[in-house]
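Before any comments, here is the structure.
The values are calculated or read from the model by the stated rules, or taken from the named source; none is laboratory data. What you see is a predicted model, and the numbers here were worked out from it, not measured in a lab. Here the Cβ is made from the backbone with ideal geometry for all residues, glycine too, and neighbour counts use every protein chain on show. SASA here: full protein model, heavy atoms, side chains in, ligands and nucleic acids out. Shrake-Rupley method; radii C 1.70, N 1.55, O 1.52, S 1.80 Å.
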Amino acid sequence: MIIIALDPPSNSNMYEWMLDRVIALSDIVQGFKIGLPAIMRLGVSEVARIFRSYNGLLIADLKMADIGDIMALSTEILHEHGFNAVIAHSFIGFSQALDTLSKKCKELSMKLITIVSMSHSGSMEYIDRHIDEFLNMTRRVESWGVVAPATRLEILRYIRRNLENGIKILSPGIGIQGAEPGIALCNGADYEIVGRIITYSQNFRETAFNVIEKQRKKVIECQK
Ligand code: BMP
């Protein structure tokens, strides 16, 4: 289960770069996540044009951390442009923040994904000290899913153990950040978010098939 992170390099024609990868990969992956580089460079309308005929999971990764009303406005714009999921930080709190965003997401049938822990080492400096509170927040705002790292498996397992079964775990950190394909799935994730190891390779479709095969083998191995 893969969600492709599309983060085009700045020296590329971002529109073409993204379109090529969406055409080559959309039938073999479960969704796409678009971050700030593409949204800032192309604008949300151009990004929407790339995904015109795509019906899968389309996540806007703005990692929102604002007051609720403003996040709700951003979410409306993203919804108008075909996104069906948004990511927000948990540390902003419930009242006048995530509660408002959660309501807006429900109104628009958008999936809300909240961050419980991140894949970079700096996550240990602050975010990881609040994991229990962030897990609690996940329940309060009825997140569809959470972000948890493929790079720190004990944390990933802890999050899986303490999260209701229906809530999805999306796990970045595979490939360039050091985690091997399949390892997050083996430790409780529902999806691995995979970016550059696939999207920056020469033949991204072939590389994606390789990653999927590695995932499959790893999952069989860890189920033994
Ligand atoms: P890559 O596989 O190229 O390292 O990409 C990972 C993707 O996941 C990037 O889009 C990044 O913004 C995102 N991400 C992450 O790496 N760690 C997190 O904790 C949260 C993320 O959204």
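Odds and ends about this structure:
- Any chance His79 is within 13 Å of the ligand (Cβ to nearest atom), in contact with a helix residue (DSSP H, G or I) (Cβ under 9 Å, 6 or more places away or on another chain) and within 29 Å of Glu46 (Cβ to Cβ): no
- Cross-chain or 6+ apart pairs with Cβ under 9 Å, the range 191-216 first and within 15 Å of Val22 (Cα to Cα) and free of Cβ contacts under 8 Å to residues at least 12 places away in the same chain, then away from the ligand (no atom under 14 Å from the Cβ) and aliphatic (A, V, I, L, M): Asn203/Ala24
- When the helices (runs of 4 or more DSSP H) confined to the range 142-224 are screened for residues that are closer than 25 Å to Ser26 by Cβ, over 17 Å from the mean Cα position of the chain (by Cα) and within 15 Å of the ligand (Cβ to nearest atom), those reaching at least 3 such residues are found at 204-223.
- Taken over the range 85-132, the criterion of being of a type outside the set (Gly, Ala, Ser), in contact with a strand residue (DSSP E or B) (Cβ under 9 Å, 6 or more places away or on another chain) and in a loop (DSSP other than H, G, I, E, B) is satisfied by Phe91, Ile92, Met110, Val116, Met118.
- The criterion of being open to solvent by less than 20 Å² (accessible area, probe 1.4 Å) and either part of a helix (DSSP H, G or I) or closer than 23 Å to Leu98 by Cα (or both) does not hold for Ala5.
- Hey, Ile113 surrounded by fewer than 19 Cβ atoms within 10 Å (Cβ to Cβ), in contact (Cβ under 8 Å) with a residue 24 or more places away in the chain and β-branched (Val, Ile, Thr) or not: no
- Contact map, the range 45-66: residues that are over 16 Å from Met18 (Cα atoms) and open to solvent by 60 Å² or more (accessible area, probe 1.4 Å) paired with residues that are in a strand (DSSP E or B) and among the hydrophobic types (A, V, I, L, M, F, W, C), Cβ distance under 6 Å, separation 6+ or inter-chain. Pairs shown: Lys63/Ile87.
- Pairs, first on the phi < 0 side of the Ramachandran plot in the range 171-186, second hydroxyl-bearing (Ser, Thr, Tyr) and crowded, with 24+ Cβ neighbours inside 10 Å, C-beta under 7 Å, six or more apart: Ala184/Ser171
- Unmet criterion (only one of (1) more than 12 Å from the ligand (Cβ to nearest atom); (2) over 28 Å from Asn136 (Cα atoms); (3) not in a loop (DSSP other than H, G, I, E, B)) for Pro37: (1)
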